[in-house]
Amino acid sequence: FYISELKKASKRMTCHKRFKIQKKVREHNRKVRKEAKKRGHKKPKKDLGVPNAAPFKEQVLREAEQRKQRQREELKKQQKLDRQKGLEKKRKQEANKKDAAKVKLSEKVIEASDVVLEVLDARDPLGSRCPQVEQLVSQMEGDKKILLVLNKIDLIPKENLEKWLDYLNQELPTIAFKSAMQQKDKTVKKHTKRRSAYLDLSRSSLCFGSECLLKLLREHSVTKERVIQVGVVGFPNTGKSSIINSLKEVRACDVGPVRGLTKCLQIVHINKQIKMLDSPCIIAAPSNSALALALRSTADIDAENLVGSVGAILKHCSKQKIMLHYNVPDYRNSLEFLTLLAQKRGMLKKGGLADTESAAKLFLYDWTGAKVSYYSRPPPAWTLSPHLSREIVAAAQQAFNLQDLEEDNKSTIKGSKYPNEASSIAFQSLGFTEGIIEESELPEEVVGLEKTEASEDEEELTEGEDEEDEIESDIEESSAEWRGWSSWPQSLSMNKRVHCRDSTTYTCRLFLNLHVLPKQANSFLFEIQWYLCL
């Protein structure tokens, strides 16, 4: 059994095919040169340098070197700016993706809840209230109830708290609440011994209002005759997770001063009747004022906008109270205030310059956290909110016993401690903060990279196809010209026989017209000479 070796395919071809390939290559190269000529790309001229006989040669060379150095530095700066813009764009895209995920989870929590707790910051109740959430709860099916939880009541004066409770209870049932600042960790008991001197940190900061809230939820679960799900929603740093930890009396949810710390849905069983759903924070709409975005936005504020955010807060505060609280002298604008604050706190850069960026972050951290005691006054006259109706308010108030709620709030107010109005900072609120609760309401600049990349690829493909079509059409035109010129020797011979009795005249006429012929006609030169010889 013998297998013969396979022979390689021969590279021989007909002259017609080889010449056709060469012709197409020449046409393609011609087209490329033509396009390059249209673009005006020229070969850079060689620098001949400075002649030795030129006066001030060293100075000219020095200036040229300095100019090149400046150009290199400008190029580096531009490249650095481009890199920063690219990183900022990626950062914004990642933040937008996170915001979209938070919006989906918040909507799911509201849909799955029987009772929705909207957590408000007692220092600015209207500013931490989202009309979109209240409107969505009232429009959903399933007889959902909504409660307002006025958290951080220990940071405002007592008289101001009572006024806010009277104002908010005219629309929706409102509970005064003060979260426990420190809860026991689940793993503490496992690592401690009974004989060791252990100090329970949870007793150092008491919780007020938990009994009132649990009482209302238990009564509602009795009417439902099943386990109820309670969703906790609100803007960042209002204390949503702290309320759940206070009701559970252990650290079940992560808490901290960082904005938007809760990033996923978490289910916490309070008892056999109540199940609480911890949701991510509500995303503040970009259409809000600079003050609302400075206090309620989850996005990291750019270094350029930090001074503007601080200035928006300072405009709505008492200047004297700010000076007394931060112990700084009189200032003219927000930048001067940040400079004085940085010098006071020892935030200095190289050369003793004040680090205003760090001072601005510290200021915003104090105002979004629980370090600054400020308060806002309720409107002088109560008016129904535009996103609510009389029927919605009546249904919300009938679901709970308002008399018991009022008595429980009074007992909560008596047990807690409050700052004086003289030591607190008066703050002017701008009203409701618009929130995003549907993914379709996110800004349009949130565009996926896949769509843009796909469109770019399609454009490149279409451009490539157009170029191929142009090349093929040029090749066909050139072949047509070739066929036309291929018949020229016959007409030449006819003219020779009829008209060209004088060979010298004919030869001069022929070579005068050769420069008009296309490049393909040069291949016929041998045939032309052969005809001349006839």
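The values are calculated or read from the model by the stated rules, or taken from the named source; none is laboratory data. Quantities reported herein were computed from a predicted structural model and do not represent experimental measurements. Here the Cβ is made from the backbone with ideal geometry for all residues, glycine too, and neighbour counts use every protein chain on show.
Whether any residue in region 316-325 is surrounded by 17 or more Cβ atoms within 10 Å (Cβ to Cβ), among the small types (G, A, S) and farther than 18 Å from T433 by Cβ is what I want to check. No, region 316-325 contains no residue that is surrounded by 17 or more Cβ atoms within 10 Å (Cβ to Cβ), among the small types (G, A, S) and farther than 18 Å from T433 by Cβ. Given the structure, is I146 within 18 Å of Q229 (Cβ to Cβ), touching an Asp or Glu at 6+ places or on another chain (Cβ under 7 Å) and of a type in the set (A, V, I, L, M, F, W, C)? Here the answer is yes, as I146 does meet what is asked.
Note on region 211-242: residues that are part of a helix (DSSP H, G or I) and in contact with a strand residue (DSSP E or B) (Cβ under 9 Å, 6 or more places away or on another chain) total 11. Restricting the first member to region 38-52 and to residues that are in a loop (DSSP other than H, G, I, E, B), and the second to residues that are not polar (S, T, N, Q), the beta-carbon pairs closer than 8 Å and six or more apart or on different chains are V50/K57; V50/V60; V50/L61; P51/K57.
Per-residue answers, yes or no, for (1) among the basic types (K, R); (2) out of contact with any helix residue (DSSP H, G or I) (no Cβ under 9 Å at 6 or more places or on another chain); (3) in the same structural domain as R296 (by TED's automatic domain parsing); (4) modelled with pLDDT under 75:
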position: M181; (1), (2), (3), (4): no, no, no, yes
position: K193; (1), (2), (3), (4): yes, yes, no, yes
position: S221; (1), (2), (3), (4): no, yes, no, no
position: I228; (1), (2), (3), (4): no, no, no, no
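For R251, state whether it is at pLDDT below 85 and closer than 24 Å to S334 by Cβ. No. Considering only residues in region 352-406 that are under 17 Å from Y326 (Cβ atoms) and in a loop (DSSP other than H, G, I, E, B), the one that is modelled with the highest pLDDT turns out to be D355.
Could you tell me whether W382 is under 27 Å from Q139 (Cβ atoms) and not charged (D, E, K, R)? Yes.
Can you go through E459, E439 and tell me which one is more than 30 Å from V103 (Cα to Cα) and either touching a Ser or Thr at 6+ places or on another chain (Cβ under 7 Å) or modelled with pLDDT under 80 (or both)? Among E459, E439, only E459 is more than 30 Å from V103 (Cα to Cα) and either touching a Ser or Thr at 6+ places or on another chain (Cβ under 7 Å) or modelled with pLDDT under 80 (or both).
Within region 83-98, the presence of a residue that is assigned to a loop (DSSP other than H, G, I, E, B) and either modelled with pLDDT of 90 or more or polar (S, T, N, Q) (or both) is excluded.
When the helices (runs of 4 or more DSSP H) confined to region 263-341 are screened for residues that are of a type in the set (A, V, I, L, M) and in contact (Cβ under 8 Å) with a residue 24 or more places away in the chain, those reaching at least 2 such residues are found at 290-296, 303-315. Do we have any residue at all in region 31-53 that's among the acidic types (D, E) and not assigned by TED's automatic domain parsing to the domain that holds C130? For region 31-53, residues among the acidic types (D, E) and not assigned by TED's automatic domain parsing to the domain that holds C130: present.
No other residue among E58, E74, E111 is assigned by TED's automatic domain parsing to the domain that holds T238 and either in a helix (DSSP H, G or I) or hydrophobic (A, V, I, L, M, F, W, C) (or both) apart from E111.
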